[in-house]
Structure formats: C-alpha cells, structure tokens
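Structure, as structure tokens:
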Amino acid sequence: MKRIDRLIIGELLGPWTFGVAMFTVLLLAALFLNKFSSYLVQGISFSTILKLTCLLLPGLLVKTFAMAMLLAGLLAFGRLSGDSEIVALRAAGASIGRIVAPAGVMAIVVALIAFAVDETVVPWAASTGTNMMKEIAKKLDPERIQTLSIPITSAGKTVGVVVARGYDPLRQVLLGATVVVYNKDGTNYGYLSARELKFDPDKLKSGKGWRIQGGSTLLLADGSKLTRLDDAAWPQDVPNPNETPQDISAMQITEMDVLSMAQIRERITAMRKEKDFPRDTVANLEFGYWNKIALPLATFVYGMLGAPLGIRRNRTSAAAGFALAVAIIFAYITLINVLNVYSMGGVIPPVVASFTPIVIGLVAAAVIIRQRNA
C-alpha cells in the first residue's frame with residue numbers, strides 16, 4: 001500500500017466508525033426508543049430489552065454502513081482540504097481520481113461486509129427479534145386480537161374472504177377462521193366459522209388445500225339455515241382458500257430484514273405460480289430482493305460522492321459535512337420510497353426502482369470528480 005493510500009484510509013476510518021455509531025443510535029432511537037420505554041414502564045425486564053436491542057442491531061448496522069461512508073468521505077476529505085494536503089497531493093502529480101480511489105476501495109470492502117452480514121446474520125436476528133416483540137405484545141395484552149384477512153379469488157374475481165384471529169406458522173394453521181362467501185352478484189351467501197383451518201399440501205392441486213379442524217358451522221346470510229360440520233367435511237358451496245402458508249407469511253412481512261435473497265426468491269416464485277397472484281405484494285418482494293444488492297452498492301456510491309464533495313478550496317466546518325450528508329441521505333430515501341410506490345403500482349419494474357438511485361449517484365459522482373479535477 002502506497003503512502004497516499006495509507007493517508008486517505010487512515011483519515012476515513014475514524015469518521016466512518018463514528019458515523020456508524022452515530023447513525024445506529026439515531027435509527028435505534030427513532031424506530032424503537034418509544035416502544036422500548038413503554039416495555040420498561042409495563043414491567044418488561046431490562047435484560048429482555050437489551051437482548052432485543054442486540055437482535056435488532058445487525059439490521060440497523062447494515063443500513064448505517066452506507067450512511068457512515070458518505071459522512072466519512074465528507075469529513076475526511078474536508079479536513080485534508082482544510083490543511084492543504086489535497087493541494088500538496090495535486091502538486092505531487094496525483095489526480096482527484098487517484099486521490100479518491102482509496103475511498104472507493106474501502107467502500108467496496110464495506111459493501112461486501114454489509115452484503116455478507118445482511119444475508120447471514122440479519123435474517124436470523126431480525127426474525128428472532130420480531131418474534132420476541134410479538135411475544136412481549138401478547139404478554140402485555142393477552143386479550144389483544146390481531147386479525148388477518150385473506151381474499152379468495154377465482155377467474156380474477158373475489159368469491160370470498162377468510163378472516164382469522166391469528167396464524168400459527170409452525171403448525172400451518174389459521175386460528176378462529178371465518179370464511180365469508182359471496183354470490184355471483186357480490187351479495188353475501190353465508191359464513192363458515194371454524195376453530196382451525198389446517199393446510200394440507202397434498203390436496204392443494206385439487207383445490208382443497210385447507211381442511212377444517214375442531215368442527216365448524218355454516219350459516220346462510222339470511223339466517224335461514226345453520227349447519228354443523230365435522231372436521232373432514234368442506235361445504236361444496238364454500239370456496240377453499242387458494243393461498244399457501246408461504247403466501248400468508250409474505251402478506252405479514254413488513255420488513256425484508258427477516259428474509260434472505262434466496263427466501264425472497266422462493267416466495268416470489270411460489271406466488272407467481274398462482275393464476276391470480278397479488279401483483280403489488282410480488283412487486284414489493286421483488287423490490288426488497290433487488291434492494292439486498294442495491295443497499296450495499298449504495299455504500300460505494302456514497303463513498304464516491306462523499307470524497308469529491310469533501311474537497312473544497314476553502315476551509316469548512318464539520319457541521320457543513322454533517323448537513324450535506326443528511327441532505328443527501330434524505331434525498332436518497334425519498335427517491336427510493338417514491339420509486340417503490342411506482343413499482344408496486346406497476347408503473348416501473350422493481351429492478352429499475354431499486355437501481356435508479358444507484359445509477360444517478362454514480363453519474364453524479366463521476367461529474368463531481370471531473371469538475372474537481374479541472
């Protein structure tokens with residue numbers, strides 16, 4: 001490693017470590033501080049909160065790696081500029097591209113680490129932490145019911161809907177399920193209420209993938225007839241849900257941290273096999289899939305943006321670097337969220353939504369480096 005590389009990387013390491021710590025604390029406080037404070041007030045032990053925090057940290061750290069790279073580039077190269085070390089390097093014949101190259105190399109290493117952690121540690125930690133929060137919620141409010149609704153479609157039309165008190169993914173069972181059946185004209189035909197609906201993969205192809213457990217009752221909408229049914233019986237006039245447990249689990253996912261790329265791909269493939277698959281849900285999963293690559297790439301983009309932006313002719317304070325970093329991060333998050341909405345609406349492909357900010361960032365970095373080198 002040449003002296004210039006040691007100089008640049010040495011300047012970057014300190015601000016990057018500080019940035020990771022700062023952004024992680026900020027995200028943790030913004031996302032979970034109120035919830036954790038509520039847990040403590042309601043009697044949840046501090047050791048449980050600490051364990052939950054440790055489980056959520058890997059997912060937060062992966063997101064802060066890129067942010068910290070941007071801040072590190074702004075602060076490190078801002079200091080080098082302020083002390084005229086950039087001028088000395090230019091006088092020695094080094095171009096701006098050569099000066100910022102170590103920042104790019106460091107960004108690539110950080111990106112690879114972020115991707116590896118996101119694919120191995122984060123899914124397990126995030127899913128474990130999510131399950132812990134669900135158990136805490138049940139403990140604090142045992143009578144609280146979190147229902148889920150699953151539409152039943154046929155030939156592109158909604159013929160019914162399943163409303164369940166809960167879902168047990170280990171047993172693949174819908175708890176306290178009621179199937180609301182519609183007539184062809186959209187009016188209610190009746191209500192099938194069952195203690196449990198158990199998934200049977202062997203009968204999925206025959207259209208009877210769910211069977212009744214614990215008995216059920218079928219009540220016509222006009223109240224004219226009430227029929228009690230055994231476990232094995234499924235009324236002919238009641239459509240069987242066409243969603244699999246994987247589909248139900250995907251519907252309940254609000255954070256992609258709990259899934260690896262392979263798991264997301266499996267769920268996308270399973271959903272696409274259905275004739276009437278939920279397009280917005282699949283688009284959101286595809287967006288999350290490509291973001292598993294786009295997020296580490298953002299580390300490189302931020303590194304290539306922060307380094308040349310930090311090079312200035314006049315001495316500037318560290319506060320200016322912080323302000324610029326926050327502005328760029330806010331613009332990136334706003335853009336990615338807007339593009340995600342467009343992708344879920346079918347306006348643009350999810351892969352385009354995921355990588356458009358990356359392309360814009362790379363083009364901006366190339367333009368800035370060229371201008372600084374002039």
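Select from segment 226-246 the residues that are in a strand (DSSP E or B), open to solvent by 90 Å² or more (accessible area, probe 1.4 Å) and without any contact (Cβ under 8 Å) to a residue 12 or more places away in the chain and list them in ascending order.
So in segment 226-246, the residues in a strand (DSSP E or B) come out as 226-229.
Filter once more, keeping what is open to solvent by 90 Å² or more (accessible area, probe 1.4 Å): 226, 228.
Answer for segment 226-246, where residues must be in a strand (DSSP E or B), open to solvent by 90 Å² or more (accessible area, probe 1.4 Å) and without any contact (Cβ under 8 Å) to a residue 12 or more places away in the chain: just LEU226.
Considering only residues that are open to solvent by less than 10 Å² (accessible area, probe 1.4 Å) and closer than 26 Å to PRO296 by Cα, look in segment 76-96 and name the one that is modelled with the lowest pLDDT.
Out of the qualifying residues, it is ILE96.
Considering only segment 97-152, how many residues are surrounded by 14 or more Cβ atoms within 10 Å (Cβ to Cβ), over 26 Å from the mean Cα position of the chain (by Cα) and over 30 Å from GLY10 (Cβ atoms)?
Residues flagged as surrounded by 14 or more Cβ atoms within 10 Å (Cβ to Cβ), over 26 Å from the mean Cα position of the chain (by Cα) and over 30 Å from GLY10 (Cβ atoms) within segment 97-152 amount to 1.
Of the numbered conditions (1) under 22 Å from the mean Cα position of the chain (by Cα); (2) part of a helix (DSSP H, G or I); (3) surrounded by 13 or more Cβ atoms within 10 Å (Cβ to Cβ), GLY73 satisfies every one except a single condition; which is it?
For GLY73, the exception is condition (1).
Give me the residue from segment 20-34 that is over 19 Å from the mean Cα position of the chain (by Cα) and under 22 Å from GLU135 (Cα atoms) and, out of that set, least open to solvent (accessible area, probe 1.4 Å).
Step by step, filter segment 20-34, then rank; the result is LEU33.
Within segment 12-19, is even one residue in a helix (DSSP H, G or I), under 21 Å from ALA125 (Cα atoms), within 22 Å of the chain's Cα centre (by Cα) and of a type outside the set (A, V, I, L, M, F, W, C)?
no
To keep it simple, each residue is scored yes or no on (1) in contact with a Cys (Cβ under 6 Å, 6 or more places away or on another chain); (2) of a type in the set (Lys, Arg); (3) free of Cβ contacts under 8 Å to residues at least 60 places away in the same chain; (4) farther than 22 Å from TYR332 by Cα.
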site: ILE8; (1), (2), (3), (4): no, no, no, yes
site: ALA21; (1), (2), (3), (4): no, no, yes, no
site: GLN42; (1), (2), (3), (4): no, no, no, yes
site: LYS51; (1), (2), (3), (4): no, yes, no, yes
site: LEU75; (1), (2), (3), (4): no, no, no, no
site: GLY82; (1), (2), (3), (4): no, no, no, yes
site: ALA94; (1), (2), (3), (4): no, no, no, yes
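Of the numbered conditions (1) assigned to a helix (DSSP H, G or I); (2) among the hydrophobic types (A, V, I, L, M, F, W, C); (3) touching a residue at least 24 places away in the same chain (Cβ under 8 Å); (4) under 28 Å from GLY361 (Cα atoms), LEU26 fails exactly one; give the number of that condition.
(3)
Please note which strands (runs of 3 or more DSSP E) are completely contained in segment 107-225 and include at least 3 residues that are in contact (Cβ under 8 Å) with a residue 24 or more places away in the chain and hydrophobic (A, V, I, L, M, F, W, C).
Counting at least 3 such residues, we get 148-154, 157-164, 173-182, 188-199, 210-220.
On the basis of being modelled with pLDDT of 90 or more, part of a helix (DSSP H, G or I) and hydrophobic (A, V, I, L, M, F, W, C), does VAL341 make the cut?
no
The values are calculated or read from the model by the stated rules, or taken from the named source; none is laboratory data. Computed from a predicted structure; not experimentally measured. Glycine gets a Cβ as well: all are built from the backbone with ideal geometry, and neighbour counts include every protein chain shown. Only protein heavy atoms, including side chains, enter the accessible area calculation; ligands, DNA and RNA are left aside. Shrake-Rupley method; radii C 1.70, N 1.55, O 1.52, S 1.80 Å.
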